[in-house]
Amino acid sequence: MDPKNIQRDSLIKGLNEDIVKDFLKQTNYNFIKVLKKGNLSILTAAFSQKLRCQVAIKIYLKQDDQDSQNLQAFEKQIYKLQQINCEKFVLSIIEMIQDEERGLIGIVMELCDCNLKTILELNKLNMKQIYVMAYQLLKGLFLLQDKGIFNSNIKSTQILYSKQKNQLLIAQLPKNLNNTSSGEDVSNEVYSIGVLLIEAFLQRAVTEKEKSLLQFQSIYSTFLSLSNSEELEFINNILSKLVEPSKDKSIQIYTVLQSLESFEVDDELLKQLKLQKEFRKLEIFKFEEIQKGTDYEILHIDLKLQKIDDNRADYIGSTLEKCQNLTSLFLNLGYNQIGQLGANLIGMGLEKCQKITSLDLVLHQNQILVEGAKSIGERLENCQNINTLSLDLGENKFGDKGVKNITLSLEKCQNIKQIHLDFGYNTISQEGANFIAKYLQKCINIIFLSLDLGYNKIYSEGLKYIATSLEKCQNVTSLNLELQDNQICSEGTTKLGQCLEKCQNIKSISLNLAKNEFGIEGTQNLLRSLEKCQNLQFLSLSLHWNKLGSEGALIVGMSLVKCKKILNLKLDLGENSLGQEGANSIGMCLRKCQSIISLHLDLSGDYICSLGALGLGSALENCINLSNLTLELDENQIGAKGASGLGLALAKCINLSNLTLNLGVNQIGDEGASGLGSALANCINLSNLTLDLQDNEIGDEGASGLGSGLAKCINLSNLTLILWDNQIGD
């Protein structure tokens, strides 16, 4: 037997992948996988070397007795389809490829996510989604008929959905080379679309008997339940017109499209559809394993501290380029040796991942400099489907110019709704802050904004630029600003507060203003403004090391009392020399914050002593709704009395289930450890406990007393105990 015939029989019977791979390779496509097999055809996914993206290729096999007229009709139909390549609601045909020796013809087209059959199986479409479905299918059909392309019967498997385009696309490809449309059977095409819409409306398949009845009787006679529907206008003006007999269906399509204008057609509603995709996740922690991720939808790649240079970055980039199914990527390349070239190569790989919607890229402490930052920005411009972006470029020495390049590129990514930018330790001045501000003014779609500019030199003027831009971000509901050690004075925090007053949609604010120079005046002005954010439910405020003293503590506390809706509070007043008086002021105010259910309070290094700890504990007794509590009280000289008294007070917080208590370096000794253990034994609802008692002069007696007390916490399921630098067992 002729070897060519053997190969042909092999393809027909076994759909030999080696033959398919070889055929695709000859035409500059890399085989990925088989999507569907037919008698005389095979549908594959492949990677286009020319377009640098994934495509679908349907491969047909010519028969020895292939009818030349059918072949000509086939080629003519493909040619017509290529002429409407860029039109909406019709599948795009890219090119036709051939292998004359093997008798293979391939039709290259855009790769879609699923078909309508799958959508109807996985989803119960609401009426507004059905309106969109009707509009898109009829527009696609109208376009095809206008170009002289017909199909006697359109099935749900011939309608594809592209997530990237957010469109239903009619695919008019023949099953085989002998099965091309020969007549202009307009009525059957329109009728079949009507049946599909009825199936979406009824949320079930239409039976063959019902299809037959529709040929002779009204839609209400065939489907009796429709008479009681609340959607009679849609049934009368759309569904019934599509399935009723008509001499001129082309006119009918136009009429129905006109009728659809009275319904709300919002294409965005299709984005809510569930698609039949198995979202597989792979975690990679070794450089050598990165090639394993090319066929996964979710990748978590952590390669920090692995001496990755530009050569290895090139390999990472080229591998990412092949990850055409990727929708979510976490890529940690922090603390490596990636330079400007490496950053560009990684960016080149990312820009080819056109399905990616969530990207978390960490290039912290590399050597990407200005040009590397520019390359990353320019490549991200092409990732227009990203809606969640986290970009950690801290410690890369790109300065103001790098910030300008990145933000100019990000301005073009208007689909981003959640963004985190870490530009810490990058010698950014007020000029760089101004570039960021200009970018933020154009971020009208962002709802979650996180910006880390810690350890730069933006000064008050830079903060004022950013604060003013926040007024334009009226859709933001969650805001995080890391601005520690930027030499910000009271003028900067005052302006920040004034602008936050105007952002009334914000429910969550996290501000890190540690190690600045705004003092009591700047604190007071900021807090007075936060009082007016009446929708605020979560507040994280770090004023660490700002020389506030007891007066500043009182100002902070009194303002918090006025934030009535706060449920979750994280307050860092460490190293502010609050003393006993300051601790008592904070406690007095917290006593009045009855709505708080989660509290993280940091008063480390504040010299509160035992009386301050007792006062704070007494106040927390009254926070009866507290279920989560973290107290950072290390280096405060609270002694045995303070530790024991604090424990007794916490035992009265009857709803407390999660407790983290840091009492390191407090000279509590054996007595304090034993007293604390005995007190915590009465925390009957405690399930998670972290206790840090390092460097506290605790000996065997104290350790034994502590252990005996904790053993009585019968509901405790998780315990972390830190006892470094004590005298146990000495």
- Non-local residues with an amide H under 5 Å from the amide H of Ser510, with H modelled 1.01 Å from N and Pro and chain starts lacking one, are Leu479, Asn480, Leu481, Ser540
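What per residue convex hull volume, in Å³, comes out for the range 548-667 when only alpha-carbon positions are used? Walk me through the numbers before you get to the answer.
On the way: hull volume 8.6 nm³, N = 120.
It is 72 Å³ per residue.
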- Between Asn568 and Thr319, what is the spin-label point distance in nm, taking each point 7 Å from the Cα along the Cα→C-beta axis? 3.4 nm
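Run through the range 623-730 and list the trypsin sites (Lys or Arg not before Pro) located in a DSSP loop whose Cβ has at most 15 other Cβ atoms within 10 Å.
Counting only loop positions with at most 15 other Cβ atoms within 10 Å, the trypsin sites (Lys or Arg not before Pro) in the range 623-730 are Lys712.
What's the exposure ranking of Met96, Met109, going from fewest to most Cβ atoms within 10 Å?
Values: Met96 16, Met109 23.
Ranked by crowding around the Cβ, least crowded first: Met96, Met109.
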- Note on the structure: Expressed in angstrom and rounded, the centroid-to-centroid distance over alpha carbons for the range 369-401 and the range 451-469 is 19 Å
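Only sites in a loop by DSSP and with at most 11 other Cβ atoms within 10 Å count here; which trypsin sites (Lys or Arg not before Pro) in the range 307-399 make the cut?
On the way: sites: Lys307, Arg312, Lys322, Lys352, Lys355, Lys374, Arg379, Lys397; in loops: Lys307, Lys322, Lys352, Lys355, Lys397.
Passing sites in the range 307-399 are Lys307.
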- For the range 588-616 versus the range 68-140, the gap between their alpha-carbon centres in whole angstrom: 66 Å
- Query: Under a straight-distance cross-link criterion of Cα-Cα below 23 Å, which lysines are reachable from Lys438, leaving out those fewer than 8 residues away in the same chain?
  - Reply: Lys374, Lys397, Lys401, Lys404, Lys412, Lys417, Lys457, Lys464, Lys472, Lys495, Lys502
- Query: So which aspartates and glutamates can Lys652 reach, going by Cα to Cα under 12 Å and dropping same-chain residues fewer than 8 places off?
  - Reply: Glu621
- Message: Please list, in order along the range 132-143, the HN-Hα scalar couplings obtained from phi with the Karplus expression 6.51 cos²θ - 1.76 cosθ + 1.60 (θ = phi - 60°), rounded to whole Hz, x for Gly and Pro.
- Response: 5, 4, 4, 5, 5, 5, 6, 5, x, 5, 4, 5
- What whole number of Å gives the distance from the Cα centroid of the range 691-705 to the Cα centroid of the range 474-511? 42 Å
- Task: Report the calculated FRET efficiency for Glu411 and Asn166 (r = Cβ-Cβ distance, R0 = 22 Å), to the nearest 0.05.
- Result: 0.45
- Query: With each pseudo-label sitting 7 Å past Cα toward Cβ, what's the Lys25-Lys438 distance in nm, one decimal?
  - Reply: 5.1 nm
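For the chain, what is the mean residue ellipticity at 222 nm derived from helices alone (per DSSP H run of n ≥ 4: -39500 (n - 2.57); sum divided by total residues; nearest 500 deg cm²/dmol)? Display every interim value, and only then the final one.
Details: 24 runs with 276 residues, N = 730.
Taking each H run of at least 4 residues, the total per residue is -11500 deg cm²/dmol.
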- So which aspartates and glutamates can Lys355 reach, going by Cα to Cα under 16 Å and dropping same-chain residues fewer than 8 places off? Glu110, Asp113, Glu278, Asp295, Glu297, Glu321, Glu381
- Task: Net charge near Leu536: determine it from the other residues with C-beta under 13 Å of the C-beta of Leu536, scoring Lys and Arg +1 and Asp and Glu -1.
- Result: +4
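Using the structure shown, select from Lys21/Lys292; Lys322/Lys442; Lys25/Lys76; Lys128/Lys274 the pairs with a Cα to Cα distance greater than 24 angstrom. Don't skip to the end; give the middle numbers.
On the way: Lys21/Lys292 20 Å; Lys322/Lys442 33 Å; Lys25/Lys76 26 Å; Lys128/Lys274 16 Å.
Among Lys21/Lys292; Lys322/Lys442; Lys25/Lys76; Lys128/Lys274, the Cα-Cα distance tops 24 Å for Lys322/Lys442; Lys25/Lys76.
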- Hey, what D do you get for the range 278-427 in µm²/s if you plug the Kirkwood alpha-carbon radius into Stokes-Einstein at 37 °C and 0.692 mPa s? 221 µm²/s
- Within the range 543-568, what residues put their amide N at less than 15 Å from the label point 7 Å along the Cα-to-Cβ vector of Asn655? 565-568
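Taking R0 as 60 Å, what's the FRET efficiency between Gln272 and Gln727 from their Cβ-Cβ distance, rounded to 0.05?
Numbers: r = 62 Å, r/R0 = 1.04.
The value I calculate is 0.45.
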- Residue by residue through the range 531-546, which ³J(HN,Hα) values in whole Hz follow from phi under the Karplus form 6.51 cos²θ - 1.76 cosθ + 1.60 (θ = phi - 60°), with glycine and proline marked x? 4, 8, 7, 6, 9, 5, 10, 10, 9, 10, 10, 9, 10, 3, 6, 10
- Query: Taking only the alpha-carbon atoms of the range 581-730, what semi-axes of the equivalent ellipsoid follow from 5 times the gyration tensor eigenvalues under a square root, in whole Å, largest first?
  - Reply: 23, 18, 12
- Message: Between Lys211 and Leu282, what is the label-point separation in nm under the 7 Å Cα-to-beta-carbon projection?
- Response: 4.1 nm
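Multiplying the sequence separation of Asn682 and Asn228 by 0.36 nm and subtracting their Cα-Cα distance, what value in nm do you get? Mind dumping the intermediate values first?
Numbers: separation 454, 0.36 × 454 = 163.44 nm, distance 6.35 nm.
Answer, rounded to one decimal: 157.1 nm.
Of all DSSP beta bridges in the chain, what percent run antiparallel (nearest 5)? Please list the in-between numbers first.
Details: 34 of 110 bridges.
That works out to approximately 30 percent antiparallel.
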- Item | Gained length - Lys397 relative to Glu121, 0.36 nm times residue gap less alpha-carbon distance | 94.1 nm
- Message: Could you give each residue of the range 114-122 its phi-based ³J(HN,Hα) in whole Hz, using Karplus coefficients 6.51, -1.76, 1.60 with θ = phi - 60°, and x for Gly or Pro?
- Response: 6, 10, 5, 4, 5, 4, 5, 6, 8
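Since every read-out is calculated from the coordinates, none of them should be taken as a lab result. It should be emphasised that the depicted structure is a prediction, and the values quoted were computed from it without experimental measurement. Reconstructed Cβ throughout: ideal geometry from the backbone, glycine too, with neighbour counts over all protein chains shown.
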